[in-house]
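No lab work stands behind these numbers, since they all come straight from the coordinates. Just so we're clear, the structure is a prediction, and the values are computed from it rather than from any experiment. Glycine also receives a Cβ, built like all others from the backbone with ideal geometry; neighbour counts cover every protein chain displayed.
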């Protein structure tokens, strides 16, 4: 059976929230932070309630994902045969309640599901510009992850 | 009377929204974009409904501001005596309806007001890390801007 465990090269970095009566500040990323590997593009993704964006992996890009609004469940899968976490899943839900940055190295599969009923917003700080040629996609049932667990 | 006009060095860059039934993609910034001047920190600010974060200016930092959730009204003021837009205000409201990136060079004053009744979220992609020594603050009435206009 696959273990629910950390995946080699994946980093979860707790982030600070600075409270302010006019409106809070939420840290994101500094270029000196662990997991930073250059900046080429920042973009937002949203995922609607109960929807899943199916498995994809990047062949070159390192992702740095932050969820400042709503709640998103990420499932990662390690299909790298030489990895010490080969065949591991990582299952982590990010939101303001669990406010962390998720760094995903190239060649690790990821899919994500909208948990919040309103807006679920994800920022990706990427070290490469979007390039469809370095993205591999698969369907939602590719890796037998049990979403109801 | 001060003119409501553009301010020298300030850039408004229209951004793409890519619609998707599972959840849209919202462009942010590429390192090749106009207004990019290096990456050192990304952080979010929120501003509550009807609240104003008072005037401040950065002496060194260039701000790149994007509003992916809610609606925020920005007012900028040019107090640089050698600027061709000296004493001009810029009054611009950003949201998904007017989805643009606002680039603010150093030494231009900015304050902003929460217009949306729910979450109003701002991403700043900054070329310098946060440093209180390069920030100058003033109170909300410093520059006689008529918010009700």
**Request:** Specify, for chain B, the residue whose C-beta is closest to the rotation axis mapping it onto chain A, with the distance given in whole Å.
**Result:** B:39, 2
**Complete:** Final fewest-first order of B:57, A:56, B:30, B:84 on the 10 Å Cβ neighbour count is B:84, A:56, B:30, B:57
**Asked** Given springs between every Cα pair under 10 Å in a Gaussian network model of chain B, which of B:124, B:24, B:98 has the largest fluctuation?
**Response** B:24
**Using a 7 Å Cα-to-Cβ projection, residue A:24 label spacings across copies, nm, ascending** = 2.5
**Request:** Determine, from the Cβ-Cβ distance of residue A:107 and residue A:22 and an R0 of 41 Å, the FRET efficiency 1/(1 + (r/R0)^6), rounded to the nearest 0.05.
**Result:** 0.45
**Asked** Quick one: of the DSSP bridges fully inside region B:1-128, what percent are antiparallel, nearest 5?
**Response** 95 percent
**Asked** Among rounded, prolate and oblate, which fits region B:27-94 when a ≥ b ≥ c are the square roots of the eigenvalues of its C-alpha gyration tensor, a/c under 1.5 means rounded, and a/b larger than b/c means prolate?
**Response** oblate
**Asked** Tell me, what is a quarter of the convex hull surface for the C-alpha atoms of the protein assembly as shown, in nm² with one decimal?
**Response** 16.2 nm²
**Item:** Teacher prompt: residue B:60 distances to equivalent labels in other copies, 7 Å Cα→Cβ, nm
**Value:** 3.3
**Request:** Would you mind getting me the FRET efficiency between residue B:13 and residue B:131? Use the beta-carbon distance for r and R0 = 30 Å, nearest 0.05.
**Result:** 0.75
**Request:** For chain A, set up a Gaussian network in which alpha carbons nearer than 10 Å are linked by springs, and say which option among A:129, A:20, A:82 fluctuates the most.
**Result:** A:20
**Request:** Would you mind pulling out the separation of the Cα centroids of region A:13-29 and region B:62-101, in Å?
**Result:** 22 Å
**Message:** Using just the Cα positions, wrap chain A in a convex hull and report its mean projected area in square nanometres, one decimal place.
**Reply:** 9.4 nm²
